[in-house]
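The values are calculated or read from the model by the stated rules, or taken from the named source; none is laboratory data. Just so it is clear, the structure is predicted and the values come from calculations on it, not from any experiment. Here the Cβ positions follow ideal geometry from the backbone for every residue, glycine too, while neighbour counts run over all protein chains shown. Calculation scope for accessible area: heavy atoms of the full protein, side chains included, ligands and nucleic acids excluded. Shrake-Rupley method; radii C 1.70, N 1.55, O 1.52, S 1.80 Å.
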Amino acid sequence: MSFASRLTRTPIAHDTDRATEAAARFASQPPEVLALLTGTAGCSPYLWALMTREAEWIEPALAEDPDSAFATLMADVATLPLEGLKTGLRVAKRRAALLIALADLGGVWPLERVTAALTDFADLCVDTTIKRLVAAEIARGKLPGQTEDDAATAGGMVALAMGKQGAHELNYSSDIDLIVLFDQDRFDEADFHEARSVFIKVTRRMTSLLSELTGEGYVFRTDLRLRPDASVTPVCMSMEAAERYYESLGRTWERAAHIKARPCAGDIQAGWDYLDRLRPFVWRKHLDFAAIQDAHDMRMRIRSHKGLHGPITLPGHNMKLGRGGIREIEFFTQTRQLIAGGRDPELRVRGTLDGLAVLSAKGWIPSDVAQRLTEDYRAHREVEHRLQMVNDAQTHVLPGTDDGLDRIAHFTGEGDVRQWRQTLTARLTRVHELTEDFFAPDKADRETVTLPKEAESVVEAWPHYPCCRTARAREILKRLKPDLFGRLSRAPRPVEAFVAFDGFLKGLPAGVQLFSLFEANPHLIDLIIDITSVSPDLAQYLSRNARVLDVVIAGTFFEDWPGKAALHDDLSKRLSAIGHYEGQLDAARGWAKEWHFRIGVHFLRGLIDAETAGAEYADLAEAVLSALWPVVVGNFAAKHGDPPGKGAVVLGMGSLGAGQLTAKSDLDLIVIYDADGVEQSEGRRPLASRTYYARLTQALVTALTAAMSEGKLYEVDMRLRPSGNQGPVATSIQSFRNYQLDEAWTWEHLAMTRARPVAGDAAVTAEVEAFRRDLLRQKADIEKTLSGIVDMRQRLAEAKPAKSAWDGKQGPGRGQDIELIASAAALIAASPATSVPDQLAAGVAAGWLHPPEADTLLEAYRLLRKVQGAAKLISDRPLDPATLGDSGLTFLLRGTGAESAEALETLLNDARARAAGMIETVIARGPVGGQDAD
């Protein structure tokens, strides 16, 4: 499409004399194009000068499609020889500036296309210049080890586009900010200094070629001061030196600057590789709310330095740095990205508008806020471009006179100057209000709180805790105190809340990030109060792993449980994205901690009951095992070859097999393998099959139990394997069959009723599960089972008596006793069921249990599990209601229906007595209904 056919608007001529001259000079143009040219000439002396100087080029270009004309111009730049750069680039810049301006002023290109064209042209100019200069140095033999072929990648030299150029957002008269680096790994150590000298020379010549003002003009003002420690470092640095700087000394503003960093010239792939290595510096692993204060402080320093404090008045207002200006929107967007981009790679976009869109889509900012800021950003950038087009000045300041403001209004195509001023003022005010509330929310409405007398001494100790050892942490806590004290004082038992919160603070190793998190998300304080008041153990865990609070504000924390399959897929995806084994193990720990914390909070707040929490804890453990097993196998196989034979299966036993864990449960596991006659593995360090699977099992246990930077995953108990601690840690399927059929005790067959495959090879899983079911059918001997139960109950009574009246697990009529009867029911019925409710139902179906008996046992079991589940979330110590505190006791009672500890104790005693009596009755009755087992 031609230029004329795409025009949607035109400027209004402010200077009629120049407009008249333009009308005469371009009289042959179509009316629509002529209106654009005269309006432009009447507003911009600079563009009128370009139009007259490049008239022979622009007239035919206007008859073309503007995209085609721009592509031709870019192709001409790409073929410029070294000796033609100085003049050729300047001519091309004049033409690009004129074409892009007219496409902008005429509404032919939207803002994003305009800024992209400006950026693409700048990229090409830098790239062409660097490659021509490096090629010349290679041709002269000055760059050691490099040949003519290396000129295409500039011998390992790369320019990173920063700021607006990096984001494809260059403004009309923008300078360009570059960081120039070279890949030191392309050179021998002995050649490093020689290569560096060449690259420094090339960088200086490149800067001169682009920046120098000649009779033909200039290309781009080039700024290299964003490089590390620019006052003392050379203009071109090695990548290794830059990385060391950022790892040790990098500041928040440099992190923010690198959000938009992009290799634009030279060795592009080396540039991307470098930025990938720098990713941990830019994108913190956890949510980084301290970045808000850093960005706010930076805003205030800029305002103070530029003298930009004060109310919004249009004459002389800075559209970039002033209140409600472009930088406010960019800081707002970048800071949000810095906060969460470490956890969510989708937020790592470079453009401001792209950033607002993805932040809105991911729930970090409301969609209406994103839409308003997007509209205001586009409008602000349009005004900025008009300011710069007047005289090709790198300015963002509105004119200080009425005539000057009228010119800019006319340049935007607005005839009603008064309306234009009102609209612009309203936009600036709206942007200021939206962004200022984020960076510095109004604290005027925060109440003055009078502390309970008993809490004063508690609060006095806070400045001496490790979390307050820095001045910055103390300052944030000082700002936080009014809101924090108010929320603690409104708790049902304020003194208890202060004491509990004090315990949490005391365990915090650092405070800046967490206090910043509270300041930005005050509702989290209420959650902390709930946790610290109910569960000292969970509060202690939280103080040492405060980053799990990241997930609370991630948007999905209070959604429904996703299920095992979704958890497995999510963890597997995360682990596959990490290239090294220890990183995968640490990532699994961090991931599991977050989900574990989520279950605990849902349970604590009454969103789920104890039984649901138990099932979710079991789902989580199974997802960890099923996702981690192939990672462990893969790492082990890299040294010793693939698993010999068919592979192995991991069986979950006990509570894991039954699908009910508590917050403190360890994992009972058995590993069974099928070598299928293969004697050893094939790899760099082959192992005999038995040794291979034994060491693989030990690797799995280590992967779960090793203390790493993210802690442990689970404690593991493998004593339920054949022959217990005396047997091999991994058992061949044939040995497992032989042992279970010929040597195993009845209690070991009872244990198999709660065995469930949780990870491993599908074929071996099916084989082991088929054998388990067949084993239960073969061992369904009622008399032998009952005899085994009597013996087992006696052994347990002697070895593990009840610890107290509140012990829900050990003792007659308690959890373990009921689980034993349920396992017996499954064995007698030859049922594959692994959960207590299903096993009791199988006993009823087989006629061994009467329905009222099963109901009584299940009712007691569920009450005991409710108490045990709550108790384990509160603490791993033996349950004693007298030590729980009011909040902890309230949580304990909530799931049971009891109104007091005494009432709950009565309920438990009655339930245990009924269950114990019922178990005695069932055992004494013998075979089914008093009949023979046949």
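Observations, loosely collected:
- Per-region count, segment 644-654, residues open to solvent by 30 Å² or more (accessible area, probe 1.4 Å) and in contact (Cβ under 8 Å) with a residue 60 or more places away in the chain: 1
- Selection from segment 21-33 of residues that are open to solvent by 10 Å² or more (accessible area, probe 1.4 Å), in contact (Cβ under 8 Å) with a residue 12 or more places away in the chain and under 21 Å from G415 (Cα atoms): A23, E32
- Subset of segment 708-717 that is at pLDDT 90 or above and open to solvent by less than 30 Å² (accessible area, probe 1.4 Å) - its residue that is farthest from W747 (Cα to Cα): L713
- The listed residues are A491, A500, and the only one of them that is in a loop (DSSP other than H, G, I, E, B), among the aliphatic types (A, V, I, L, M), in contact (Cβ under 8 Å) with a residue 24 or more places away in the chain and open to solvent by 10 Å² or more (accessible area, probe 1.4 Å) turns out to be A491.
- Within the option set V198, V202, V158, being closer than 30 Å to Q388 by Cα and open to solvent by less than 20 Å² (accessible area, probe 1.4 Å) holds for one residue only, V158.
- Cβ-Cβ contacts under 9 Å between residues 6 or more apart (or on different chains), taken from a first residue in segment 602-625 that is closer than 22 Å to G888 by Cα to a second residue that is of a type in the set (S, T, Y) and open to solvent by less than 10 Å² (accessible area, probe 1.4 Å), are listed as L604/S535.
- Which listed residue, of R323, R350, R336, R343, is modelled with pLDDT under 95, open to solvent by 40 Å² or more (accessible area, probe 1.4 Å) and in contact with a strand residue (DSSP E or B) (Cβ under 9 Å, 6 or more places away or on another chain): R350
- Odd one out for G634, checked against (1) part of a helix (DSSP H, G or I); (2) in contact (Cβ under 8 Å) with a residue 40 or more places away in the chain: (2)
- Of the residues making up segment 361-385, those that are in a helix (DSSP H, G or I), free of Cβ contacts under 8 Å to residues at least 40 places away in the same chain and either buried (at least 16 other Cβ atoms within 10 Å of the Cβ) or among the β-branched types (V, I, T) (or both) are A370, T374.
- Boolean, A699 is farther than 19 Å from P644 by Cβ and open to solvent by 20 Å² or more (accessible area, probe 1.4 Å): no
- Any chance L424 is over 17 Å from K478 (Cα atoms), over 36 Å from the mean Cα position of the chain (by Cα), buried (at least 17 other Cβ atoms within 10 Å of the Cβ) and at pLDDT 65 or above: yes
- Against the criterion of being under 30 Å from E414 (Cβ atoms) and part of a helix (DSSP H, G or I), A117 qualifies.
- Residue within segment 681-693 that is among the β-branched types (V, I, T) and either over 20 Å from S732 (Cβ atoms) or touching a Phe, Trp or Tyr at 6+ places or on another chain (Cβ under 6 Å) (or both) present: no
- Qualifying residues in segment 893-923 (those that are open to solvent by 70 Å² or more (accessible area, probe 1.4 Å) and charged (D, E, K, R)) - the one nearest to the chain's Cα centre (by Cα): R894
- Residue ID - surrounded by the fewest Cβ atoms within 10 Å (Cβ to Cβ), chosen from residues in segment 70-106 that are among the β-branched types (V, I, T) and under 24 Å from M389 (Cα atoms): T72
- The lone exception for V649 - which of (1) under 30 Å from I733 (Cβ atoms); (2) modelled with pLDDT of 95 or more; (3) assigned to a helix (DSSP H, G or I) it fails: (3)
- Odd one out for S823, checked against (1) closer than 20 Å to D774 by Cα; (2) outside any helix (DSSP H, G or I): (2)
- Residue match in segment 401-413 (condition: open to solvent by 10 Å² or more (accessible area, probe 1.4 Å), in a loop (DSSP other than H, G, I, E, B) and closer than 24 Å to H432 by Cα): yes
- Of all residues in segment 860-892, those being farther than 21 Å from Q816 by Cα, more than 35 Å from the chain's Cα centre (by Cα) and open to solvent by less than 20 Å² (accessible area, probe 1.4 Å) number 1.
- Number of residues in segment 456-471 that are surrounded by fewer than 16 Cβ atoms within 10 Å (Cβ to Cβ) and either part of a helix (DSSP H, G or I) or aliphatic (A, V, I, L, M) (or both) equals 8.
Conditions tested, residue by residue: (1) over 46 Å from the mean Cα position of the chain (by Cα); (2) without any contact (Cβ under 8 Å) to a residue 24 or more places away in the chain; (3) surrounded by 14 or more Cβ atoms within 10 Å (Cβ to Cβ); (4) in a loop (DSSP other than H, G, I, E, B).
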position: T731; (1), (2), (3), (4): no, no, yes, no
position: Y739; (1), (2), (3), (4): yes, yes, yes, no
position: V764; (1), (2), (3), (4): no, no, yes, no
position: A770; (1), (2), (3), (4): no, yes, no, no
position: T785; (1), (2), (3), (4): yes, no, yes, no
position: A797; (1), (2), (3), (4): yes, yes, yes, no
position: W806; (1), (2), (3), (4): no, no, yes, yes
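- Condition check for P722 on (1) assigned to a loop (DSSP other than H, G, I, E, B); (2) open to solvent by 20 Å² or more (accessible area, probe 1.4 Å): one failure, at (2).
- Residues of segment 75-105 classified as under 17 Å from N171 (Cα atoms) and of a type outside the set (D, E), total: 12
- Residue list for segment 736-764, restricted to those being of a type in the set (S, T, N, Q) and in contact with a Gly (Cβ under 9 Å, 6 or more places away or on another chain): T746, T753
- Any chance A242 is crowded, with 20+ Cβ neighbours inside 10 Å, small (G, A, S) and more than 27 Å from V349 (Cβ to Cβ): no
Yes/no matrix, rows are residues, columns are (1) more than 30 Å from L796 (Cβ to Cβ); (2) open to solvent by 30 Å² or more (accessible area, probe 1.4 Å); (3) at pLDDT below 95:
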{"position": "P686", "(1), (2), (3)": "yes, yes, yes"}
{"position": "F736", "(1), (2), (3)": "no, no, yes"}
{"position": "E748", "(1), (2), (3)": "no, no, yes"}
{"position": "V758", "(1), (2), (3)": "no, no, no"}
{"position": "R773", "(1), (2), (3)": "no, yes, no"}
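- Residue pairs whose Cβ atoms lie under 6 Å apart, separated by 6 or more positions or on different chains, with the first residue in segment 61-86 and under 23 Å from A101 (Cβ atoms) and charged (D, E, K, R) and the second part of a helix (DSSP H, G or I) and open to solvent by less than 40 Å² (accessible area, probe 1.4 Å), do not occur.
- Search result, residues across segment 177-232 that are of a type outside the set (D, E, K, R), without any contact (Cβ under 8 Å) to a residue 60 or more places away in the chain and part of a loop (DSSP other than H, G, I, E, B): F187, L213, G215, L224, P228, A230, S231, V232
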